[in-house]
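Readers should treat all values here as calculations from the given coordinates under stated rules, not as data from a laboratory. Note that this is a predicted model, so its numbers are computed, not measured. Neighbour counts run over all protein chains shown; Cβ positions are idealised from the backbone, glycine included.
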């Protein structure tokens, strides 16, 4: 049997429910939570992990570079590219890359993801060159944005691709550089 305290609890729950309905129906506008550079996020990793998705994952200059690829490169050329660059390359030029597309059904997709991530993140030109050659790639697609190869968003080390012993810059705009992977390291 319910006592007086139970009726009070039920009454308060019903009152709260009616108050929520009243405020949602009659109140208008929104309340902006003040945010500053030093704002505390209860789950800061959520913002960190979501930041890369706020902007475009492919830049305008990458679209222009795809036209250059169509006009200047062979259909058999293979690219080192992150997932989004690879989707662009495959969709606009019909070339293949290390990741992207239906790559998950290809042999060794985890190895391709790992190798692509390592090519972008290593500071060693030789290691990047060796992995790219091991994967039968002829070009590196190097966007001026964070890359995503299946593990996480990284900017990577771009300086290594300037090593003339392993790579040659063949195309450049503000958003992307394309490097040819040399046949034999000098």
- Note on the structure: Ranked from fewest to most other Cβ atoms within 10 Å of their own Cβ, 151, 179, 22 fall in the order 22, 151, 179
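Please say if segment 45-186 is rounded, prolate or oblate, where rounded means a/c under 1.5 for a ≥ b ≥ c the square roots of the C-alpha gyration tensor eigenvalues, and otherwise the choice is prolate for a/b larger than b/c and oblate otherwise? Please report the intermediate quantities before stating the final value.
Working: a/c = 1.30, a/b = 1.20, b/c = 1.09.
Verdict is rounded for segment 45-186.
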- Query: With a 10 Å Cβ neighbour count serving as the proxy for reagent exposure, in which order, fewest first, do 12, 59 appear?
  - Reply: 12, 59
- Exposure-ranked with fewest Cβ neighbours within 10 Å first, 94, 137 stand as 94, 137
